[in-house]
């Protein structure tokens, strides 16, 4: 019979990746936030109908609802309390808003601020009219190639822990 005894520091697979998952969740959260600030990555989002770049952070509602969470074996980035328009921005689609007294006031204010004729035309529309608004896809919940490489780097160096054998 052959008996082998190993002594010293030996590697074993970790069972708790809390620190690594926290780092990954924060890194992915930061990447999604950067998508907003840069107006889309790697391809810029379609411009707004006014010709302005689409950064999706005018009111800050969507941007402020991006959160991250992690545990010992997971990392996630998500939209907290999503509203339907947030889904439409991510996937694209058509909405049918109805003109209200409040929206007319908004349209007039935008026309005075920008001078863009689109706002004036909308402000002159009758209350109760429904618009067909096509919103181009603006993927904000997406990760970049460099994010995946960073995850591999984080996990690649921490899969094993050492323990003292007796």
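So that you can scan it fast, the table gives a plain yes or no per residue for (1) in contact with a helix residue (DSSP H, G or I) (Cβ under 7 Å, 6 or more places away or on another chain); (2) over 30 Å from residue 14 (Cβ atoms):
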{"site": "69", "(1), (2)": "yes, no"}
{"site": "85", "(1), (2)": "no, yes"}
{"site": "112", "(1), (2)": "no, yes"}
{"site": "122", "(1), (2)": "yes, yes"}
{"site": "127", "(1), (2)": "yes, yes"}
{"site": "133", "(1), (2)": "no, yes"}
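One residue alone among 83, 101 is loosely packed, with under 13 Cβ neighbours inside 10 Å and either under 24 Å from residue 39 (Cα atoms) or assigned by TED's automatic domain parsing to the domain that holds residue 42 (or both), and that residue is 83. Looking at the stretch 41-62, which of the residues that are modelled with pLDDT of 90 or more and crowded, with 17+ Cβ neighbours inside 10 Å is farthest from residue 83 (Cα to Cα)? Step by step, filter the stretch 41-62, then rank; the result is 41.
In this structure, is residue 50 over 30 Å from residue 20 (Cα atoms) and not assigned by TED's automatic domain parsing to the domain that holds residue 28? Considered against the rule, which asks whether it is over 30 Å from residue 20 (Cα atoms) and not assigned by TED's automatic domain parsing to the domain that holds residue 28, residue 50 comes out as no. Among the residues of the stretch 19-40, just one is under 11 Å from the mean Cα position of the chain (by Cα) and part of a loop (DSSP other than H, G, I, E, B), namely 40. Across the stretch 138-160, not a single residue is classified as modelled with pLDDT under 90 and closer than 26 Å to residue 39 by Cα.
The values are calculated or read from the model by the stated rules, or taken from the named source; none is laboratory data. Bear in mind that the values here come from a model prediction, so they are computed numbers and not experimental data. A quick note on method: Cβ atoms are made from the backbone with ideal geometry, for glycine too, and the neighbour counts reach across all protein chains shown.
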